[in-house]
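Data block below; observations after.
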Amino acid sequence: VTDMTGVWMALVTPTVYSVYIIVGAKLQRDVPALVSSAAIMGSAAALAFGLGALAALFAPESSVLALRFDLPAQAWLALFAFGAICTAPPVLTFLESVKLIGASQTSILSTLELVATAFFGALFFGETPQPLQIAGGLLVIAAVVILTLNPARRRGPGVEEG
């Protein structure tokens with residue numbers, strides 16, 4: 001039996017992400033990437049805090065959703081590291097890449113994130129990639145190489161996005 005929620009998410013997520021990248025590239029054309037990333041991450045933080053506060057007010061029994069500040073120091077350190085190392089630089093470089101090489105090329109290159117995640121999971125956490133995962137990673141790498149080497153795609157952001 002197929003879980004239709006998973007199928008729906010698999011179809012909707014890349015669609016929403018594509019619209020976000022294309023619309024964002026147009027809206028942020030004249031805005032520095034640092035300003036855009038600060039606005040995006042600030043808005044996301046405000047939304048998360050707002051939803052967490054609402055959950056704390058209306059569903060305090062839900063420890064997953066409710067906003068909490070009584071975390072151990074190690075958790076705060078991990079949260080800071082996730083924001084400062086794992087979120088801010090990638091968002092900033094993604095937005096700068098959209099300006100430099102265009103939304104299409106940036107989107108293609110960003111698919112390497114999946115391969116990098118699997119690679120670093122194996123390297124740092126001892127995860128063992130399965131043969132199908134390795135094959136999938138190699139297919140992603142091959143697709144990125146083929147698409148980025150295609151001369152028709154090297155027109156630049158002005159032609160591609162305009």
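The values are calculated or read from the model by the stated rules, or taken from the named source; none is laboratory data. Please read all numbers here as calculations on a predicted model, not as lab measurements. Just so you know, the surface numbers come from the protein's heavy atoms only, side chains and all, with ligands and any DNA or RNA stripped out. Shrake-Rupley method; radii C 1.70, N 1.55, O 1.52, S 1.80 Å.
Observations on the model:
- Evaluating 6.51 cos²θ - 1.76 cosθ + 1.60 at θ = phi - 60° for every residue in the range 117-134, the Karplus couplings come out as 4, 5, 4, 6, x, 6, 5, 9, 10, x, 5, 9, x, 7, x, 5, 5, 5 Hz, glycine and proline recorded as x.
- Distant-in-sequence amide H partners of GLN28 (H built 1.01 Å from N, under 5 Å): none
- Principal-axis tilt of helix 33-58 within the chain, Cα atoms, nearest 10 degrees: 30
- From largest to smallest, the equivalent ellipsoid semi-axes obtained for the range 74-118 from the alpha-carbon gyration tensor read 25, 13, 5 Å.
- Amide H partners (placed H, <5 Å) of GLU127, local residues excluded: ALA122
- In order along the range 65-78, the Karplus-derived 3J(HN,Hα) couplings, from 6.51 cos²θ - 1.76 cosθ + 1.60 at θ = phi - 60°, round to 8, 5, 5, 9, 10, 8, 8, x, 4, 4, 5, 5, 5, 5 Hz, and Gly and Pro are given as x.
- For LEU67, the residues whose modelled amide H falls within less than 5 Å of its own, excluding neighbours fewer than 5 places apart on the same chain, are ALA53, ALA55, ALA56.
- Label of the coordinate-derived value, semi-axes √(5λ) of the Cα gyration tensor in Å, listed as (i) 22, 20, 18; (ii) 31, 24, 17; (iii) 25, 18, 14: (ii)
- Heavy-atom accessible area per residue - the range 87-134, 1.4 Å, Å²: 66
- Span from the the range 116-149 Cα centroid across to the the range 4-77 one, whole angstrom: 26
- Note, ³J(HN,Hα) from phi for the range 22-32, Karplus 6.51, -1.76, 1.60, rounded to Hz, x at Gly and Pro: 5, 5, x, 4, 6, 5, 9, 3, 9, 9, x
- Accessible surface of the chain [probe 1.4 Å, protein heavy atoms]: carbon and sulfur percent: 75
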